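What follows is a set of notes on a single structure, which appears directly below.
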Amino acid sequence: MKMTLHKGEVLFHQGDPGTYLYRIVSGLYKVTRLHENGNIVLFNILYPGEVVPHHSLISPKDFHGTATALTNGEVERISAKDWYAELAISTDKALDAAKLLQEKLRFMQQRIDHLTIGSPAERLELLKRWMNSYAKEERVTDLLTQEEIGQFIGVRRETVNRLIRQGV
């Protein structure tokens with residue numbers, strides 16, 4: 001079943017049971033996690049082609065964070081029960097799940113490269129370019145707060161603020 005989400009709408013909440021998986025058809029979605037001490041941390045951005053949650057592609061688990069639409073988009077809701085039943089009998093489905101996990105690992109490798117590439121300005125520029133490849137009409141500062149940008153590129157909010165004021 002396809003669903004349309006508008007900017008700001010929640011796709012799933014932290015702690016929700018793994019009743020469904022979601023294929024991202026279009027749009028960008030931030031995934032945040034609320035910790036026991038009250039800190040909210042941005043730890044992922046979902047993009048078209050992904051099936052999430054990644055930690056539930058092989059076996060079910062409650063959602064680790066909350067996904068919120070950064071842009072208008074469309075997702076396909078997939079019954080977890082049907083997904084796992086098909087996975088158990090279809091080698092093609094198992095290979096599809098492995099390819100999805102491989103792609104996410106490659107994305108995470110790219111993120112680590114971006115975090116270690118050099119200056120905060122370079123990291124911010126890489127984030128801007130990456131997000132622009134999915135949301136051409138949007139500025140990164142219209143999609144994420146300075147705090148979230150800082151969390152995603154590994155710098156403090158104050159550094160992000162300074163870079164933005166400098167026109168980076």
- line: Per the filter on the stretch 39-53, residues part of a loop (DSSP other than H, G, I, E, B) and either of a type in the set (Ser, Thr, Tyr) or in contact with a Leu (Cβ under 9 Å, 6 or more places away or on another chain) (or both) are 47, 48, 49, 50, 53
message: Looking at the stretch 54-64 only, could you name the residues that are surrounded by 19 or more Cβ atoms within 10 Å (Cβ to Cβ), in a loop (DSSP other than H, G, I, E, B) and touching a Leu at 6+ places or on another chain (Cβ under 9 Å)?
response: 57
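Can you tell me how many residues in the stretch 124-149 are open to solvent by 40 Å² or more (accessible area, probe 1.4 Å) and either in contact (Cβ under 8 Å) with a residue 12 or more places away in the chain or not basic (Lys, Arg) (or both)?
If we filter the stretch 124-149 for residues that are open to solvent by 40 Å² or more (accessible area, probe 1.4 Å), which is where we start, we get 125, 128-129, 132-134, 136-139, 141-142, 145-147.
Going one step further and asking which of them are either in contact (Cβ under 8 Å) with a residue 12 or more places away in the chain or not basic (Lys, Arg) (or both), we end up with 125, 128, 132-134, 137-138, 141-142, 145-147.
So the answer is 12.
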In the stretch 8-38, the residues that are buried (at least 20 other Cβ atoms within 10 Å of the Cβ) and either more than 15 Å from the chain's Cα centre (by Cα) or not in a strand (DSSP E or B) (or both): 20, 27, 28
Test: residue in the stretch 105-112 that is at pLDDT below 95, within 22 Å of residue 40 (Cβ to Cβ), surrounded by 15 or more Cβ atoms within 10 Å (Cβ to Cβ) and more than 16 Å from the chain's Cα centre (by Cα): no
message: Here is a check on your reading of the model: is residue 100 assigned to a helix (DSSP H, G or I) and within 14 Å of the chain's Cα centre (by Cα)?
response: yes
message: residue 23 - would you say it is touching a residue at least 60 places away in the same chain (Cβ under 8 Å), farther than 23 Å from residue 150 by Cα and basic (Lys, Arg)?
response: no
- request: Just name the residue that is most open to solvent (accessible area, probe 1.4 Å) out of those in the stretch 150-167 that are more than 18 Å from residue 30 (Cβ to Cβ) and among the β-branched types (Val, Ile, Thr).
  value: 164
statement: Checking 85, 94, 67, 80 in turn, the sole residue that is more than 16 Å from the chain's Cα centre (by Cα) and either open to solvent by less than 30 Å² (accessible area, probe 1.4 Å) or among the hydroxyl-bearing types (Ser, Thr, Tyr) (or both) turns out to be 80
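The values are calculated or read from the model by the stated rules, or taken from the named source; none is laboratory data. Note that the coordinates shown come from a computational prediction; the quantities given were computed from them, not determined experimentally. Here the Cβ is made from the backbone with ideal geometry for all residues, glycine too, and neighbour counts use every protein chain on show. We work out accessible area using only protein heavy atoms, side chains counted, and drop any ligands, DNA or RNA first. Shrake-Rupley method; radii C 1.70, N 1.55, O 1.52, S 1.80 Å.
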